[in-house]
1. Where does the Debye-calculated log10 I(q)/I(0) of the range 40-161 sit at q = 0.15, 0.17 Å⁻¹, using only Cα point scatterers of equal weight, no solvent?
2. Roll a 1.4 Å probe over the protein heavy atoms and report the accessible area of PHE7 in Å², nearest 10.
3. Can you list the residues, at least 5 places off or on another chain, whose amide H is less than 5 Å from the amide H of ALA112, using H built in the peptide plane?
4. Just the number please: accessible area per residue for the range 67-160, 1.4 Å probe, all protein chains included, in Å².
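The values are calculated or read from the model by the stated rules, or taken from the named source; none is laboratory data. As the structure is a prediction and not an experimental result, all values here were calculated from the model. With ligands, DNA and RNA removed, areas are computed over all heavy atoms of the protein, side chains included. Shrake-Rupley method; radii C 1.70, N 1.55, O 1.52, S 1.80 Å.
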Amino acid sequence: MTYKNDFPDVQVNVGYNELWNASDLRLQVGVSVNIPLDFGKRSARKAASDYQLNSARTDIQYLHNQLLAELEQALSRAEEAQHAIELCREQLIPIAQQSLTASQSDYQEGIADFSNVIQAEQALLEARLLLSRSMADQYQAHAEIDRLVGGRLWPFEFSGH
């Protein structure tokens, strides 16, 4: 827009003036040329325009970098949650289940107290709770990733059926 103002403005006018007595004078054709001579103002407008353009580019780059940083954090949280889920499923819950089974067996044989069974049951519940929390963290990280990529991670809407 600024550079457009640097060029001469040319206008062509055609008119018919009924006030003239002679009919050959009634048709009027005119050309007007407006040449911009304010060179100082022009260079100031260009400088201001260039500053605004560079400022906008800097803002876009800053937002781009910020978006990438947030995306990397969300990906890291999702990966961390996935590792926690695998740990719970493959190690913590099976070990807690084995411990509960052993405690129940020892209690039935009269070798251990009922409090051991309660503690083993509590450890199993805590492992399952950790699994649920890890899954929730993963879902939240995936939702954040989906938001950051503009809703393109899961393009289909889920119906309530």
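1. -0.84, -0.92
2. 140
3. Amide H neighbours of ALA112: TYR107.
4. 73
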